[in-house]
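Worksheet for the structure shown next.
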Amino acid sequence: MDYDQYFSVAVDALRRERRYRTFAEIERKADRFPRATWHSPGGPRDIVVWCSNDYLGMGCHPVVIEAMRESVSKRGAGAGGTRNISGNSHEIVQLERELADLHGKDAGLVFTSGYISNETGISTIVKLIPDCVVISDELNHNSMIEGVRRGGRQKAIFRHNDLAHLEELLQAAGDRPKLLVFESVYSMDGDIAPIAAICDLAERYGAMTYLDEVHAVGMYGPRGGGVAERDGVMHRVDVIEGTLGKAFGVVGGYLTGKRVVMDAVRSYAPGFIFTTALPPAVAAAATASIRHLKNSQAERDGQRAQVAKVKAALAAAGLPQMETPTHIIPLMVGDAKACKAASDVLLAEHGIYIQPINYPTVPRGTERLRITATPHHDDKLIAQLAEALNDVWSRLDLPRVNTTVAERPLRAMAGAAPIPLPIAGG
Ligand code: PLP
């Protein structure tokens, strides 16, 4: 039996569809962030990274590095097993307290990644609620979709941020228990959910709420608690999920909520129970980062200022950025091949790294470059970025029209159309 053929056929299909992913080999420089070395086919080259989700540069912050270094020297490198076997490290207990405090909840629960926290968290929560209907935003992240799928309950998908459609689905679910699953900042479009209005509906129709703040924690709200904190509605959301791997600069994911909910997830979630815990040093570094960002506005202010400058520079150059109210700056290309070519030319000729975003991460026809500016991208780097992008757009003859949220061809072009029925089985 030639097993290899199955895999080569699968990979060839991706190549034909121009969806085959290549990853640049990048060496970050802790003391020169966002600069890095690209191990190019022709040898090492200095580059500037413009697409990192280390949104505030906390992965290179001295306070975070020192916390990790100190913990590693005292506790060693690994966790020694699952929490079931090795117990709770002191560092994880402190981290969970810090997270509960960040979101104003009774308790926090840490997982090995944001992906796992969604997948195992959502599926466990819905399995524990008999006859639950899951009501989910159509643009939710794959980790949430997988969590809903594994939960095995009936689901209903509402059009992205569409309150009227959401209300229809809540009404259609009647008296059954309902879990409403959504994000605050949607990472590919950079738009924000109307959290307060969603909570109004959830309260009116008796739904439990689950909010992913992965692309918001650290950056929004006076203490970095996310958009729900900024909007004064954290207390109205039942479960807040987040990552330690983006603005907090480390790795890991978490849930926060009522003690009884966290205790149940801790007790039933396979993705929590059957995997080695985060190492103490990772937990210590994450705690240091969260504590720092609770008290320091400098990173948030710096990011906001630099993001505004990038948006202004792209606008001045006539480049087709999607207007967003957030730190995420998508630059629309609209074609997979052109998007990859733009990214390649930027890297090879301008030393600027921006990964192309293609299907299935975004719908076909909406391929884009997704730019993230941190407080460490100074004005000179921003000027270089705008000049480089302008050059690439001219050379590749890419479209220069701006698109707004309302004009985006997202759903029309989506590979998977939204489910039209109020309640879809599955
Ligand atoms: N939730 C959302 C909305 C995401 O975009 C991502 C990852 O990009 C995750 C969850 C997963 O988080 P992590 O990278 O910590 O696994």
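The values are calculated or read from the model by the stated rules, or taken from the named source; none is laboratory data. Model, not experiment: these values are computed from the prediction. Cβ atoms come from the backbone with ideal geometry, glycine included; neighbour counts cover every protein chain shown. Heavy atoms of the whole protein, side chains included, go into the accessibility calculation; ligands, DNA and RNA do not. Shrake-Rupley method; radii C 1.70, N 1.55, O 1.52, S 1.80 Å.
Picking from residues in segment 346-386 that are of a type in the set (Ser, Thr, Tyr) and open to solvent by 40 Å² or more (accessible area, probe 1.4 Å), the one that is farthest from the chain's Cα centre (by Cα) is 359. Here is a list: 254, 205. Which entry is over 16 Å from residue 194 (Cα atoms), touching a Gly at 6+ places or on another chain (Cβ under 6 Å) and aromatic (Phe, Trp, Tyr)? Answer to the selection: 254.
Scanning segment 94-123 for residues that are under 14 Å from residue 264 (Cα atoms) and away from the ligand (no atom under 16 Å from the Cβ) yields 106, 107.
Cβ-Cβ distances below 6 Å connect the following pairs, each with a first residue in segment 248-273 that is away from the ligand (no atom under 16 Å from the Cβ), a second residue that is among the basic types (Lys, Arg), and a separation of six or more residues or different chains: 257/105. The criterion of being of a type outside the set (Ser, Thr, Tyr), buried (at least 24 other Cβ atoms within 10 Å of the Cβ) and not in a loop (DSSP other than H, G, I, E, B) does not hold for residue 170. Checked against the criterion of being within 22 Å of the chain's Cα centre (by Cα) and open to solvent by less than 50 Å² (accessible area, probe 1.4 Å), segment 11-28 has at least one qualifying residue.
For segment 29-123, no strands (runs of 3 or more DSSP E) sit wholly inside it while including 3 or more residues that are of a type outside the set (A, V, I, L, M), touching a residue at least 24 places away in the same chain (Cβ under 8 Å) and open to solvent by less than 20 Å² (accessible area, probe 1.4 Å).
If only residues of segment 2-23 that are at pLDDT 95 or above and in a loop (DSSP other than H, G, I, E, B) are counted, the one that is nearest to residue 334 (Cα to Cα) is 3. Only residues that are buried (at least 24 other Cβ atoms within 10 Å of the Cβ) and within 11 Å of the ligand (Cβ to nearest atom) were counted across segment 230-246, and they come to 5. If we scan segment 146-165, do we find a residue that is within 12 Å of the ligand (Cβ to nearest atom), touching a His at 6+ places or on another chain (Cβ under 7 Å) and within 18 Å of residue 240 (Cβ to Cβ)? No, that holds for no residue.
Does at least one position in segment 136-143 carry a residue that is of a type in the set (A, V, I, L, M, F, W, C) and within 21 Å of residue 234 (Cβ to Cβ)? Checking segment 136-143: not a single residue is of a type in the set (A, V, I, L, M, F, W, C) and within 21 Å of residue 234 (Cβ to Cβ). Filter segment 179-207 down to the residues that are more than 15 Å from residue 118 (Cβ to Cβ), assigned to a strand (DSSP E or B) and more than 14 Å from the ligand (Cβ to nearest atom) and list them by number. 207, the sole residue that qualifies. Kindly establish whether residue 311 is without any contact (Cβ under 8 Å) to a residue 12 or more places away in the chain and either open to solvent by 40 Å² or more (accessible area, probe 1.4 Å) or farther than 23 Å from residue 401 by Cβ (or both). Considered against the rule, which asks whether it is without any contact (Cβ under 8 Å) to a residue 12 or more places away in the chain and either open to solvent by 40 Å² or more (accessible area, probe 1.4 Å) or farther than 23 Å from residue 401 by Cβ (or both), residue 311 comes out as no.
Condition check: within 10 Å of the ligand (Cβ to nearest atom), open to solvent by less than 50 Å² (accessible area, probe 1.4 Å) and part of a loop (DSSP other than H, G, I, E, B). Does residue 140 satisfy that? Spelling it out, residue 140 is indeed within 10 Å of the ligand (Cβ to nearest atom), open to solvent by less than 50 Å² (accessible area, probe 1.4 Å) and part of a loop (DSSP other than H, G, I, E, B). Scanning segment 211-229 for residues that are more than 10 Å from the ligand (Cβ to nearest atom), closer than 19 Å to residue 145 by Cα and part of a loop (DSSP other than H, G, I, E, B) returns no hits. If you go through segment 309-368 and pick out every residue that is closer than 18 Å to residue 18 by Cβ, assigned to a loop (DSSP other than H, G, I, E, B) and among the hydrophobic types (A, V, I, L, M, F, W, C), you end up with 3. Pairs are defined by a Cβ separation below 8 Å, a sequence spacing of at least 6 or placement on different chains, a first member in segment 183-206 that is in contact (Cβ under 8 Å) with a residue 60 or more places away in the chain and open to solvent by less than 10 Å² (accessible area, probe 1.4 Å), and a second member that is of a type in the set (Asp, Glu) and part of a loop (DSSP other than H, G, I, E, B); the pairs so defined are 185/191; 185/213.
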